[in-house]
Amino acid sequence: MRILQIEYARAVAAILVLLFHVEVTFARPKYMGESTLHFLINGDSGVQIFFVISGFVIYLIHHGDPEGSLANVRSFFHKRWTRVLIPLWIVATILFVTAKAGLTPNVAGFIDYLGIYFPFPLAKERVLSVAWTLRHEVLFYVIFAVWIWKRSLGWSLLLAWCALGLIIGPFMERGTAFKIVFNTNNFLFLAGIGLAHIHVRKIDVPFRGLVGAAGIGLFLLTCIGRSAFATPLWLNNIGYGIGAALFFVWFLRKPVGESAFVLLLAQASYSLYLIHFPLLSVVTRVLDTFGGHEFLAVRLVYFAVSVVICIAASIVFHKYVEKPVLKMFRSSKPKNSAMPAPSETTR
């Protein structure tokens with residue numbers, strides 16, 4: 001099950017997150033200490049795009065699953081755990097080994113590594129900075145599994161979870177585990193489900209072009225608000241995510257051509273998401289030894305080199321590590337399942 005528009009959105013979201021992390025890494029005092037392309041602080045909007053895509057894809061694949069089937073629930077967990085956790089465990093193990101070998105700073109404890117191998121809500125990420133997003137994903141999977149088993153209970157839990165995130169989330173302090181449980185980001189999974197419902201039912205949304213334009217406008221307005229006025233994080237989450245969802249209302253009906261490279265980048269997006277930040281710390285240190293970072297032109301060259309290295313490494317990791325390992329684990333999928341075969345559309 002491949003929807004080109006969703007594949008392209010995955011690729012764009014992954015690149016946005018990468019650009020954001022290159023910008024903030026370069027700007028850190030222990031590295032180059034200089035901002036290169038400040039507007040790219042909005043690149044973390046790729047996370048909100050991923051949440052919308054996740055809600056869309058999960059509902060699209062499972063909306064027709066028979067209610068009350070525990071076999072479907074088991075198969076859902078097997079599929080999602082395999083897809084999300086196995087690559088995460090590989091990366092976490094590499095980070096653990098390098099830290100214990102003294103090749104990287106060892107600032108994480110037992111609970112931190114336990115929280116990577118079993119991503120329950122944590123107050124702070126000390127092993128892999130991007131892992132906080134997967135904690136939102138796991139919570140969503142648990143609630144959606146209830147939805148597969150019993151629709152009415154699942155809808156109640158999902159709506160309550162999203163509503164509490166919108167109501168309580170803006171007042172929750174950062175650096176607490178509850179910030180993961182009650183967060184405005186959680187509403188974006190529901191936005192993706194709504195988008196998938198429109199797509200599945202082939203609902204003809206009136207003024208679709210204007211809706212898409214409004215989504216672009218909201219997204220850009222959020223970018224401006226953050227850059228110029230330092231708008232609060234919870235408001236940015238909603239602006240980015242809802243803006244993306246409104247844009248998808250138009251974009252999903254827009255014919256697009258197929259690009260082999262973009263599709264490869266989309267398929268490697270999870271690998272890129274997992275490995276780029278640790279890799280960036282190494283690449284930035286190496287580039288910094290060449291000097292000249294006080295000049296913008298030099299930083300731009302270093303910036304481009306960092307992006308290319310991270311993309312190339314993620315494609316290699318995807319083709320020769322993630323993909324073969326997932327193929328091996330998927331062969332052990334539970335046999336008593338009516339679920340569709342795994343799709344490369346999902347992250």
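Nothing in this text is a laboratory measurement; each read-out follows from the coordinates by a stated rule. Quick caveat: nothing in here was measured; it's all calculated off a predicted structure. Quick reminder, even Gly has a Cβ in these numbers, built from the backbone with ideal geometry, and neighbours come from all protein chains shown.
Taking the chain as a Gaussian network of alpha-carbon nodes connected by springs under 10 Å, the highest mean-square fluctuation of the residues P66, P170, P206 belongs to P206. Placing a label point 7 Å from the Cα of R2 along the Cα-to-Cβ line, the residues of the range 248-274 whose backbone N sits under 15 Å from it are 256-269.
With the convex hull drawn around the C-alpha atoms of the chain, the volume per residue stands at 147 Å³. For the set K150/K202; K79/K150; K79/K319; K100/K124; K30/K100, every pair lies no more than 27 angstrom apart at their alpha carbons. Measuring between their Cα centroids, the range 153-171 and the range 109-135 lie 22 Å from each other.
Helix hunt in the chain: which complete DSSP H runs extend at least 15 Å axially by C-alpha with mean Kyte-Doolittle at least 0.0? Membrane-span-like by this rule: 4-27, 45-62, 70-100, 131-149, 151-168, 187-201, 208-229, 233-251, 269-288, 296-317. Among 280-286, 22-28, the peptide with the highest mean count of other Cβ atoms within 10 Å heads the list, and the full ranking is 22-28, 280-286. Fully extending the segment from V305 to F261, taken as 0.36 nm per residue of separation minus the present Cα-Cα distance, adds 14.0 nm.
Dipole orientation for the chain: of the candidates L40, L188, F295, L188 has the Cα lying most toward the positive pole (charges on Cβ; Lys, Arg +1; Asp, Glu -1). Rounded to the nearest 20 debye, the dipole size of the range 4-330 about its Cα centre is 640 debye, using +1 on the Cβ of Lys and Arg and -1 on the Cβ of Asp and Glu. Considering helices alone, the calculated mean residue ellipticity of the chain at 222 nm is -23000 deg cm²/dmol, with DSSP H runs of length four and up weighted by -39500 (n - 2.57) and normalised per residue. Mind running the shape call on the range 112-220? Use the C-alpha gyration tensor, a ≥ b ≥ c as the square roots of the eigenvalues: rounded below 1.5 for a/c, prolate if a/b tops b/c, oblate otherwise. Prolate shape, in that a/c is at least 1.5 and a/b is the bigger ratio. With each label modelled as a point 7 angstrom along the Cα→C-beta vector, the H63-A312 pair spans 4.2 nm.
Projecting label points 7 angstrom from Cα along Cα→Cβ for E34 and L220 puts them 3.0 nm apart. For the range 1-138, what does the alpha-carbon gyration tensor say about shape, rounded, prolate or oblate, given a ≥ b ≥ c as the root eigenvalues, a/c under 1.5 as rounded, and a/b over b/c as prolate? Verdict is oblate for the range 1-138. Ranked by the mean number of other Cβ atoms within 10 Å per residue, highest first, peptides 233-242, 121-130 order as 233-242, 121-130. Can you bin the range 128-176 into rounded, prolate or oblate? Criterion: square roots of the alpha carbon gyration tensor eigenvalues sorted a ≥ b ≥ c, rounded for a/c under 1.5, prolate for a/b above b/c, oblate for the rest. Taking the square roots of the gyration eigenvalues as a ≥ b ≥ c, the range 128-176 is oblate.
Between A99 and E173, what FRET efficiency follows from the Cβ-Cβ distance if R0 is 25 Å, with the result rounded to 0.05?
Plugging the Cβ-Cβ distance into 1/(1 + (r/R0)^6) gives 0.35.
For a paramagnetic label modelled on N106 (point 7 Å from Cα along Cα→Cβ), amide N atoms under 17 Å away are absent within the range 18-57. Going 7 Å from the Cα of V205 toward and past its Cβ, which residues in the range 232-248 have a backbone nitrogen under 19 Å from where you end up? 237-248, by backbone N distance to the label point.
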